[in-house]
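The values are calculated or read from the model by the stated rules, or taken from the named source; none is laboratory data. All figures in this text were calculated on a predicted structure; none of them were measured in a lab. Positions of Cβ are generated from backbone atoms using ideal geometry, with glycine treated the same way; all protein chains shown enter the neighbour counts.
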Amino acid sequence: MVASTPHSARHWDHAYAQGASTRSWFQPEPTMSVRMLQAAGVSAGDSVLDVGGGASGALLARGSSDVTVLDILEQLRSELKEKDIGLAFARLSEPVRDLFKRSGFLERVGEANIHYGLHKAVAGQRGT
């Protein structure tokens with residue numbers, strides 16, 4: 001058992017390391033979340049930021065093609081950093097940018113790696 005508060009990164013890293021089915025919030029199918037998306041009029045063509053969605057794939061199975069999962073992004077950022085590979089984002093909507101900021105992800109990625117256009121993001125990673 002890890003001695004930490006529920007809000008610490010160490011606590012959540014430990015919780016995720018135990019496997020999906022051991023978590024109290026685990027659902028094999030996120031029925032309520034999908035129902036809420038349908039009620040909100042979110043279609044398969046809309047962009048979705050799934051916070052804490054893990055690797056469930058439920059939105060992809062629903063037909064969505066533009067899904068970002070914040071907790072997976074952090075894992076990707078860490079792995080790329082270990083390999084000295086850059087990570088940049090382009091065309092973030094204000095709600096996504098705000099969520100990145102509130103979660104601390106924006107600070108870890110760095111403002112310099114957030115771009116308004118795709119060409120600038122690619123050029124920024126190439127150092128041009």
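The table for this structure:
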read-out: Test: residue in the stretch 108-115 that is among the polar types (S, T, N, Q), more than 29 Å from Q18 (Cβ to Cβ), modelled with pLDDT of 70 or more and assigned to a helix (DSSP H, G or I); value: yes
read-out: The stretch 44-68, subset assigned to a strand (DSSP E or B) and at pLDDT below 70, residue farthest from the chain's Cα centre (by Cα); value: D66
read-out: Output for the stretch 28-42, where each listed residue is exposed (fewer than 10 other Cβ atoms within 10 Å of the Cβ) and either touching a His at 6+ places or on another chain (Cβ under 9 Å) or within 19 Å of S93 (Cβ to Cβ) (or both); value: A40, G41
read-out: Of residues in the stretch 69-89 being β-branched (V, I, T) and in contact (Cβ under 8 Å) with a residue 12 or more places away in the chain, the one surrounded by the fewest Cβ atoms within 10 Å (Cβ to Cβ); value: I72
read-out: Residue in the stretch 94-106 that is part of a helix (DSSP H, G or I), surrounded by 15 or more Cβ atoms within 10 Å (Cβ to Cβ) and either at positive phi or touching a strand residue (DSSP E or B) at 6+ places or on another chain (Cβ under 6 Å) (or both) present; value: yes
read-out: Residue in the stretch 78-93 that is nearest to the chain's Cα centre (by Cα), counting only those that are assigned to a helix (DSSP H, G or I) and charged (D, E, K, R); value: E79
